Amino acid sequence: MSEFRVTLRPALATTDPVASDRITLEALAEGHVIHVLGKPGDDGVAARLAPFSDGTAHAVRAAGPGQWFIVGNGVKSYAELSALSEALKPGAFGVDQSQGRVRMLARGSMVERVLAKGTAVDLSLTAFPIGHSTTTLFGHIAAHVTRTGEDAFEIMVLRGFAESLWDDLASMCAEYL
């Protein structure tokens with residue numbers, strides 16, 4: 001076996017936050033992203049996910065029928081990932097996507113207007129309440145969007161598209177800087 005060790009580098013390490021009094025775009029810590037797969041319609045899986053949505057170390061995001069993401073800023077050890085996987089049984093399992101997905105936060109009074117430039121999803125508070133998630137396109141890039149506050153959205157994207165989406169979002173923010 002090789003002695004070569006992979007060096008993990010944050011995908012958006014060289015980006016500075018884009019910020020004004022009306023809009024802020026910042027990269028979130030590359031902590032953990034666990035894709036949970038369960039049987040659609042199995043209410044037991046949703047109940048087993050409740051402890052993972054404590055709002056501090058973890059949050060749960062709906063990703064589709066029978067699918068969720070458990071996200072957080074802290075890196076999970078192998079033992080923690082194994083324990084999480086056991087807690088989901090029976091009927092669901094988790095796949096570690098921590099190195100494959102990048103999260104960013106867009107917030108501020110103009111955040112809905114900024115994001116509306118890139119997607120056709122109605123992100124108004126009445127149509128897209130706090131805690132609501134969806135997968136959409138920003139231009140040609142697929143992203144998972146969650147409203148995390150009245151004027152805040154978490155945007156999660158595949159790692160290979162993170163810089164491109166960052167550049168697009170930064171351009172969309174420009175008129176409010």
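Quick notes on this structure:
- Residue within the range 87-95 that is closer than 14 Å to Thr146 by Cα, of a type in the set (A, V, I, L, M) and not in a loop (DSSP other than H, G, I, E, B) present: no
- Just one residue in the set Asp167, Asp122 is free of Cβ contacts under 8 Å to residues at least 24 places away in the same chain and touching a Phe, Trp or Tyr at 6+ places or on another chain (Cβ under 7 Å); that residue is Asp122.
- Checking each residue in the range 19-53 for being without any contact (Cβ under 8 Å) to a residue 24 or more places away in the chain and either aromatic (Phe, Trp, Tyr) or closer than 16 Å to Lys76 by Cα (or both) picks out only Ser53.
- Single condition Phe153 does not satisfy, out of (1) assigned to a strand (DSSP E or B); (2) farther than 25 Å from Ala50 by Cα; (3) not β-branched (Val, Ile, Thr): (2)
- The listed residues are Thr148, Thr135, Thr126, and the only one of them that is of a type in the set (Val, Ile, Thr) and in contact with a His (Cβ under 7 Å, 6 or more places away or on another chain) turns out to be Thr135.
Yes/no matrix, rows are residues, columns are (1) modelled with pLDDT of 95 or more; (2) more than 20 Å from Gly31 (Cα to Cα); (3) assigned to a helix (DSSP H, G or I):
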| residue | (1), (2), (3) |
| --- | --- |
| Met104 | yes, no, no |
| Ser109 | yes, yes, no |
| Asp122 | yes, yes, no |
| Ser171 | yes, yes, yes |
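- Conditions (1) surrounded by 11 or more Cβ atoms within 10 Å (Cβ to Cβ); (2) touching a residue at least 60 places away in the same chain (Cβ under 8 Å); number of the one not met by Ala87: (2)
- Subset of the range 99-127 (residues that are under 28 Å from Leu8 (Cβ atoms) and buried (at least 16 other Cβ atoms within 10 Å of the Cβ)): Arg101, Val102, Arg103, Met104, Leu105, Ala106, Arg107
- Of everything in the range 40-74 that is in a loop (DSSP other than H, G, I, E, B) and of a type in the set (Asp, Glu), the residue that is farthest from Ala29 (Cα to Cα) is Asp42.
- Residues of the range 124-147 classified as of a type in the set (Val, Ile, Thr) and in a loop (DSSP other than H, G, I, E, B), total: 2
- The requirement of being over 24 Å from Leu12 (Cα atoms), hydroxyl-bearing (Ser, Thr, Tyr) and out of contact with any helix residue (DSSP H, G or I) (no Cβ under 9 Å at 6 or more places or on another chain) is fulfilled nowhere in the range 56-67; no residue meets it.
- Here His144 meets the list (1) within 17 Å of the chain's Cα centre (by Cα); (2) surrounded by fewer than 16 Cβ atoms within 10 Å (Cβ to Cβ) almost entirely, failing just condition (2).
The values are calculated or read from the model by the stated rules, or taken from the named source; none is laboratory data. Just so it is clear, the model here is predicted, and its values are computed rather than measured. Note that each Cβ is placed from the backbone with ideal geometry, even for glycine, and that neighbours are counted across all protein chains shown.
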